[in-house]
Structure formats: C-alpha cells, structure tokens
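The values are calculated or read from the model by the stated rules, or taken from the named source; none is laboratory data. A quick note: this is a predicted structure, and the numbers were derived from the prediction, not measured. Because the Cβ atoms are built from the backbone with ideal geometry, glycine has one as well, and the counts that use them run over all protein chains shown. Just so you know, the surface numbers come from the protein's heavy atoms only, side chains and all, with ligands and any DNA or RNA stripped out. Shrake-Rupley method; radii C 1.70, N 1.55, O 1.52, S 1.80 Å.
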Amino acid sequence: MTGAQITELLAELQDMIMGSTLAKCALTDLGIQWAGWALAAAFRTEKFYDLAGSGTFILLAHLSRIWGGASHTRQKVQTGLVTAWGLRLGTFLFLRILKDGHDRRFNNVRDSPGTFFVYWSVQAAWIFMTLLPTLMLNTERRNVPLGPRDYIGWTVWGIGFATEAIADQQKWLFKRDPDNAGKFIQSGLWAYSRHPNYLGEILQWSGLWVSASSVMQGPQYLSVVSPLFVWFLLRYVSGIPILEKQALKKWGSEPAFQDYIKNTPLLWPWPKF
C-alpha cells in the first residue's frame, strides 16, 4: 500500500469517526429533549426547559471531545467556553423562572402535549445547529498551532459573554427594585441597545465559530450557519419580535418609550439596524 493510499484511508477513517460522533451527538440531543418533553408534559411545567437546553449544550460539548478522541488545547478551551456559557445562562434562566413561576412563552403551550413536543424538538434542533462548529472541532484530530483566528474568536466570545451577563444582571436588579414596577429599563447597556443580552449571545457563538474555523476544511466552513442561525432566530423568530411586541403593547403609548425606541438601536449599537 502506497503512502498516498494510506493517507486516503486515514482521511476516510477520520470522516467516519467524525460522522459517527456527530450522529451520536444528534441522537443524544434528541433523546434528552424528548425525555424532557415527556416529564414536562406529564407535570405541565416549563420550569426546566431552559435548564435542560443549557445542560445538553454542556454535555454534548464534553461528549464530542471524548468521542472525537482528541484533546488539543483549542478543543479544551472551546469546550470550556461552552461550559461557562451554559452554566451561567442556564443558572440565570432557572433562577428567573423559579422567581416568576412561569415563562410567558408557554402560556398557551404547557397544556397541549403536541405543541409542547414541537417546542422541545425545536430546542433539540437549536442545540445541535448552534453547537455544530464545536462538535466539528472536537472531532478533528489534526493539531493545528494556535493562531490569530483563535485569539480573535476567544476575544469576541469574551466580549459577548460579558455583555450578556452584565445586561442580564442589570435587568434582574432593575426588576427587583419596587420603584421600577411597571417601568421599562433604559439604563446601563440597555441605553445603547434594546436587546444587549441577545447581542452578547450572538457575539459568543460567532466567536466560537471563528476559533473553530482554524481547523476547518472545505464543506466544514458551511458551519458558519451556526452563528447566522442564532442571529436569525433571535432577530426574527423567538426573541426580539416577541419582546418588542409585548413592550409596544405595554408602553407603546408612553412618550418616554417612544423616545427610547426612536433613539436606541434594536440590537447593534452601530450601525442602527
């Protein structure tokens, strides 16, 4: 067997390993979300929906690194960043729903098992799609030296992590103050963006794709769909449109809110789009 044939065989074997790992991650993801749906439907509760989602992110990041069979610095850092994101956001959302007692997204859903199943299935798709660059990275055995894309990606992730965490904390403290009852937040990061927490979320997954792209080849670059998917979902589907509609319904007639809408960008501090 020639050297070229051996190289080709090893490449095919690597592709098989990668495909197998991605398939196992997808099945694990579905299994967890569907089990979560069964419990949630039985008890008619959405209280652990977000916790199950963030927990699955963390689990799949670590399992993909184990199943992928490689443990380079880039993969360790990437998995650690996903873990930090999941622990912070999952804990925050779980504490918030325990305090509020419910999630308004599920007001017309929790009593309908079929619709509830769709929500849990969509969460499974969101997890896999968003995590795809990390799953690909964790199945890559080539140890490419760390370079500019890694450090740029990790820096973008750090800015996003800080932005989301600070914005969440500012809003949490604002809502806890009795003097702010019935008011909308327009201070702190919320003075520069109407949804700074979502901006932070988009930046984090964009940064993780940039870092993971350091070892991508050919079709793997198509995993850029991950941060684009996060942006599209938050901007046009489940995040901003719902909150904007609720805010307009609640404060739309108030001059102060009208000024806030007029002078504060929807998402990005600049340019205004």
Next item on the list: Would you mind checking Lys47/Lys76; Lys171/Lys249; Lys24/Lys245 for any pair whose Cα atoms are more than 28 angstrom apart?
Entry: Lys47/Lys76; Lys24/Lys245
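Give me the dipole magnitude in Debye, nearest 20, for the chain about the Cα centre, with unit charges on the beta carbon: positive for Lys and Arg, negative for Asp and Glu. Before the final figure, lay out the partial values.
Numbers: 26 positive and 19 negative charges, 113 e Å.
Around 540 debye, computed over the chain.
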Next item on the list: Compute the distribution of all C-alpha to C-alpha distances in segment 157-199, in bins of 10 Å from 0, and list the percent of pairs in each, rounded to whole numbers.
Entry: 31, 52, 15, 2
Item checked: Share of pairwise Cα separations in segment 193-273, more than 14 Å, in percent -> 68
Checklist line | Structure-derived Kirkwood radius over Cα pairs in Å: which label, when the choices are (1) 19.2; (2) 20.3; (3) 18.6 | finding: (2)
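Mind ranking Lys99, Lys262 by accessible surface for me, highest first, 1.4 Å probe?
On the way: Lys99 120, Lys262 160 Å².
Most to least solvent-accessible, the answer reads Lys262, Lys99.
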Notebook entry, point to check: Can you give the FRET efficiency for Arg44 and Arg141, using 1/(1 + (r/R0)^6), R0 = 45 Å, r = Cβ-Cβ distance, to the nearest 0.05?
Noted result: 0.45
Notebook entry, point to check: Using a cut-off of 18 Å between alpha-carbon atoms, which aspartates and glutamates can reach Lys175, once sequence neighbours fewer than 8 places away in the same chain are excluded?
Noted result: Asp100, Asp103, Glu164, Glu244
Notebook entry, point to check: Between the helical axis of 196-212 and the dominant principal axis of the chain, each derived from Cα atoms, what acute angle in degrees is found, rounded to the nearest 10?
Noted result: 10
Notebook entry, point to check: On a 0 to 90 degree scale, rounded to 10, what angle separates helix 73-100 from the longest Cα axis of the chain?
Noted result: 30
Check: In nanometres, what is the gap between the two model label sites at Lys249 and Ile152, each 7 Å from Cα along Cα-to-Cβ?
Finding: 4.3
Note to self: What is the angle, in °, between the Cα long axis of helix 113-138 and the longest principal axis of the Cα atoms in the chain? Nearest 10 is fine, range 0 to 90.
What the structure shows: 50
